[in-house]
Amino acid sequence: MIHKAKLVMLMVLVIAFVFVFLYQAKNVEEKAKTTAFHLAVSQMNARAVRIKQLWILKKKPAMLEFSAHAIDLNRQGWPLLDSSNRVSCRDLLIILHPKIKILKFSPTIKRQQVKYGYRCLYIYDDINKIQVSLEQHGLSIVLTD
């Protein structure tokens, strides 16, 4: 009888450890996903700044070659989208984040015109959305809710 009780206790402990492990693994997965999206935004910002640096070094041209793409730039040196969709939000994503996917997620892309520029929203899942906006004050790339 004592042997059976020890066996039952051992089984309960094993099951508890398995549940704790699975719970912690899910937390680690969520943190890794969040980190991947923050890293992508950081990389996109770095590429946008690199474009602006090249623009300044080349004496502020209206168009610039960057990563095999011809990019139209505004007077502040930020990438422009055009109304004919020659340069679209998807093209901008390819310029700023060439891999497009983040982890296993591919974005749904939405574009909005705003008064002095554009807003591109890259929706990767219900939680992770990256917004690239060119407005009067400049370019911003942020992770939104």
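Every number in this text was worked out from the coordinates using simple rules, so none of it is lab data. The structure displayed is predicted, hence computed values, not measured ones. Every residue, glycine among them, receives a Cβ derived from its backbone with ideal geometry; neighbour counts consider all protein chains shown.
Per residue, how big is the convex hull of the range 44-145 when only Cα atoms are used? Give it in Å³.
98
So, in Å, what gap is there between the alpha-carbon centers of the range 84-125 and the range 21-64?
13
Grab the DSSP H runs of the chain that are 4 residues or longer, score each as -39,500 (n - 2.57), total them, divide by all residues and round the 222 nm result to the nearest 500 deg cm²/dmol. List each step's numbers first, then the result.
Working: 2 runs with 64 residues, N = 145.
Dividing the helical sum by the residues of the chain leaves -16000 deg cm²/dmol.
Treating the beta-carbon of each Lys and Arg as +1 and of each Asp and Glu as -1, no other charges, what is the dipole magnitude of the range 1-144 about its Cα centre, to the nearest 20 debye?
Working: 22 positive and 9 negative charges, 33 e Å.
The dipole of the range 1-144 has a size of about 160 debye.
Answer rounded, prolate or oblate for the range 92-145, using the Cα gyration tensor with square roots of eigenvalues a ≥ b ≥ c: rounded when a/c is under 1.5, else prolate when a/b is larger than b/c, else oblate.
On the way: a/c = 2.22, a/b = 1.73, b/c = 1.28.
Because a/c hits 1.5 or more and a/b exceeds b/c, the range 92-145 counts as prolate.
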